[in-house]
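Encoded as structure tokens, the structure appears first; notes follow it.
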Amino acid sequence: MPVFDAYSGLNIPRAGCVHLDGYHALQVVRARHLQYRPASVTTTNHAYWPYELQSDLGRINRDHEFLRVLASSVAKQGLGNPVTDFRLVNSVAGQLEFDNAFTTSDMVHLLLTFHSAKINSAPQLTIPVSVGPNTSYIYAGYPKGEIEFPSLVPDLHAIDQFLQISPDTNTLTGQPLPRPSAVTVSVVNGSGVANIAATTLSSLEALGFRGAGTGNTPVLASQLET
């Protein structure tokens, strides 16, 4: 369908397959204020087109798709042939920034190693994050650069798996986590929901924690209540 982004400059007025040169491809991968024209909207006035409302998450998904298409196009040149691989690497190396220890020979080695990989089946993740006042962290005892922690627990597990970090490791210190049996917990119910403290404590005990009883605390009123 037709799409538009006033910030990136993207403007594709017609539905269907469109060939993008490098300049217009950048407009696609940078778009995070995307508007689209569904079949129910007939006007070409962008003011009446709805927004995608996914911001960076939508942009990341488009980046994934762009890289998948680009990789498929490159693969059609016959990767796995050292001559072809050297020619490809030398044609793009001048436009890339990479670590001094990472040479063009290393790039060719990667192409030779992964040339038969199935691009469309490669796992890709788009991970919502919790943004705090500081985004520079030590992850698993090692500096991993700027890290914004995922807001969903399964995504944390995915990062641990990618970094080959044991689930028993404290991701802030890199040290082993204490065994649940070495931790004593008590649960105080301030939710206003009956018996929730006992239910929560039972769940923790099932995980191996030592229970120390339950209690209740006054329920704080919401600011919306009068």
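Quick note: the coordinates plus some simple rules give every number you see, no bench work behind them. Because the structure is predicted, anything quoted here is derived from the model rather than measured. As a convention, Cβ positions derive from the backbone with ideal geometry for all residues, glycine included, and neighbour counts pool all protein chains shown.
Using the Karplus relation 6.51 cos²θ - 1.76 cosθ + 1.60 with θ = phi - 60°, the per-residue 3J(HN,Hα) values for the stretch 41-46 come to 10, 9, 6, 8, 6, 5 Hz, with x marking Gly and Pro.
So what is the relative contact order of the stretch 1-78, in percent, for Cα pairs below 8 Å that sit 6 or more residues apart? This gives 27 percent for the stretch 1-78.
All alpha carbon pair distances within the stretch 1-76 were sorted into 10 Å bins beginning at 0; the resulting P(r) in whole percents reads 19, 50, 26, 5, 0. In this structure the amide hydrogen of Thr169, modeled in the peptide plane, comes within under 5 Å of the amide hydrogens of Leu177, none closer than 5 places in sequence on its chain.
Sorting Glu97, Glu65, Glu52 by the number of Cβ atoms found within 10 Å of their own Cβ, with the fewest placed first, yields Glu97, Glu65, Glu52.
Sorting Arg30, Arg62 from the fewest to the most surrounding beta carbons within 10 angstrom yields Arg30, Arg62. By the gyration tensor of its Cα atoms, with a ≥ b ≥ c the square roots of the eigenvalues, what is the shape of the stretch 19-58: rounded for a/c under 1.5, prolate for a/b over b/c, or oblate? Taking the square roots of the gyration eigenvalues as a ≥ b ≥ c, the stretch 19-58 is oblate.
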